[in-house]
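The structure appears right after this line, and notes come after that.
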Amino acid sequence: MQIYTDRLFATMETVVTQHHALYATIPSQVIFFEALAEKAFHLSGSPNAHIARTTANAPTHDLIVGDERVSLKTETGRSTKPISISITKLCTTEREPWNAETLIERTCNHLTRYDLLLMLRAIWGESEIHYQLVDIPMDLLRLTEGSKLKEVGNRKGRRSLGGDITIDGEIAFHVHYDGSDGKCQVRNLSLARCRILGEWDQRF
């Protein structure tokens, strides 16, 4: 089922603009975005399509649209980069044992719980926010399975692990397992390897 349409993009821009009517300088962060995305899919899709949110904070997809399981992410801080993406929590893997093989396995298992990953990004200017609505390919994230993790940082106790994911000799992104909170993070994911569904500017 094709759920990413031009009508969805136009509707998403509209509901985000409505959000800014109440919160002029606060971008649509995770909780806001889940509600806005659900509304946008309802307004732009077939009236017969099944659209529903899942339980809040559940370690699975956030939204069901027809037969597609969608994970929703945001990147809206002032450090957001125009051409590379960071996912601060792809999943949480805090359980022991804390070793590369187990962490990669848990991450790959988590990625089977949804079919699509939709991200709203906010790039800050002096008087406007440049929004990007981005489809991050699941096949790209699944390359985590082939990562070669090494200990990084100087933290005492459980050390963080990280490794680069390469495609044809070029770094596509960096995967990082934070030893302090157990989160799997994706860093410096090339925007060029993803699909921008739409872009617009929101003045404030």
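Numbers at a glance
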{"quantity": "Subset of the range 160-174 that is of a type outside the set (G, A, S) and in contact with an Asp or Glu (Cβ under 8 Å, 6 or more places away or on another chain) - its residue that is surrounded by the most Cβ atoms within 10 Å (Cβ to Cβ)", "calculated": "F173"}
{"quantity": "Criterion: at pLDDT 95 or above, hydrophobic (A, V, I, L, M, F, W, C) and surrounded by fewer than 19 Cβ atoms within 10 Å (Cβ to Cβ) - qualifying residue of A10, A58", "calculated": "A10"}
{"quantity": "Filter result (acidic (D, E) and within 21 Å of R121 (Cα to Cα)) within the range 167-204", "calculated": "E199, D201"}
{"quantity": "Filtered residues of the range 47-63 (kept if within 21 Å of S28 (Cβ to Cβ), in contact with a Lys or Arg (Cβ under 8 Å, 6 or more places away or on another chain) and of a type outside the set (D, E, K, R))", "calculated": "H61, L63"}
{"quantity": "Scan of the range 159-204 for residues that are among the small types (G, A, S) and either part of a strand (DSSP E or B) or in contact (Cβ under 8 Å) with a residue 40 or more places away in the chain (or both), ordered by number", "calculated": "S160, G162, G163, A172, G179, G182, S190, A192, G198"}
{"quantity": "Test: residue in the range 104-121 that is surrounded by 19 or more Cβ atoms within 10 Å (Cβ to Cβ), modelled with pLDDT of 95 or more and of a type in the set (V, I, T)", "calculated": "yes"}
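One line per residue, one yes/no per condition, for (1) of a type in the set (A, V, I, L, M); (2) closer than 24 Å to G66 by Cβ:
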{"position": "L116", "(1), (2)": "yes, yes"}
{"position": "Y131", "(1), (2)": "no, no"}
{"position": "G146", "(1), (2)": "no, no"}
{"position": "G169", "(1), (2)": "no, no"}
{"position": "C184", "(1), (2)": "no, no"}
{"position": "R195", "(1), (2)": "no, yes"}
{"position": "D201", "(1), (2)": "no, no"}
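The values are calculated or read from the model by the stated rules, or taken from the named source; none is laboratory data. Since we're looking at a predicted model, the values are computed, not measured. Positions of Cβ are backbone-derived with ideal geometry, glycine not excepted, and every protein chain shown enters the neighbour counts.
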